[in-house]
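First comes the structure, then the notes that go with it.
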Amino acid sequence: MNRKTAIYIRTSTKEQNPKQQLHNCWELLDSQEIYDIFEDQQSAWKENIEREKFEDMKKEIKKGNISKVLVWDLDRIYRNRKNLISFFQFCKAYRCKIVSYRQKFLRELQHIQEPFNDIMFDLMVQILGWLAEEESEKKSDRIRKAVKKKKKGTYSFRGKKWGRKGLPIQTIKKVWEYHEKGYSIREIAKNVRTTKKNGSMKNISKSAVHKILQEKPPK
């Protein structure tokens, strides 16, 4: 049976273009190489979100149908160090290599004689996973430092307020009026409406009512 190469492409948002990843991966293919493309639009950091095509690829690896996984960058697989290492170990158990366009030295490690190839390979996987995780943490830290928290909300360094726009004062007053009349949160949510961005009307949520009643009533 001829085993295939899996090209795994991942983007995090609709705005990101997967074509460049794919073109770079194609450069590493042999002329006679048979391949399948697995593409996800999903985060590689969150553990509780399943990537459909990634899971499909893992099933094919388990079946012995894939001999090599080709990616544009290792962070397309996982940004989390522990998860990345686990995937390398998974592929190794099923005799499947991992090749990255950006981490070109991985291809050189595969040519080192045993047992030094495994020692060097495991070491580099640890380092790469750590670097990917550190970069993600630095990005989060930059975002935290770029915002300022005040009593009235959270603002960017340019003074723009973050988060959802608050409800109109008229809506808040209506909530308190119904509350003082003895209406329950559910009943208030059914009776109080507010204006959406497109100009249409909608009932406010029970959570919005609860949040309003947790604060002081407007004067």
_Members of the range 78-96 found to be under 29 Å from residue 23 (Cβ atoms) and either part of a loop (DSSP other than H, G, I, E, B) or hydrophobic (A, V, I, L, M, F, W, C) (or both), listed by number_ = 78, 79, 80, 84, 85, 87, 88, 90, 91, 94, 95, 96
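Table: residues versus (1) within 26 Å of residue 59 (Cα to Cα); (2) part of a helix (DSSP H, G or I); (3) not hydroxyl-bearing (Ser, Thr, Tyr).
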{"site": "98", "(1), (2), (3)": "yes, no, yes"}
{"site": "107", "(1), (2), (3)": "yes, yes, yes"}
{"site": "111", "(1), (2), (3)": "no, no, yes"}
{"site": "114", "(1), (2), (3)": "no, no, yes"}
{"site": "118", "(1), (2), (3)": "yes, yes, yes"}
{"site": "122", "(1), (2), (3)": "yes, yes, yes"}
{"site": "128", "(1), (2), (3)": "yes, yes, yes"}
{"site": "131", "(1), (2), (3)": "no, yes, yes"}
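Here is a check on your reading of the model: is residue 32 assigned by TED's automatic domain parsing to the domain that holds residue 125, within 29 Å of residue 138 (Cα to Cα) and in a loop (DSSP other than H, G, I, E, B)?
Values: assigned by TED's automatic domain parsing to the domain that holds residue 125: yes; within 29 Å of residue 138 (Cα to Cα): no; in a loop (DSSP other than H, G, I, E, B): yes.
Spelling it out, it is not the case that residue 32 is assigned by TED's automatic domain parsing to the domain that holds residue 125, within 29 Å of residue 138 (Cα to Cα) and in a loop (DSSP other than H, G, I, E, B).
The values are calculated or read from the model by the stated rules, or taken from the named source; none is laboratory data. What you see is a predicted model, and the numbers here were worked out from it, not measured in a lab. Cβ coordinates were reconstructed from backbone atoms using ideal geometry, including for glycine residues, and neighbour counts include every protein chain displayed.
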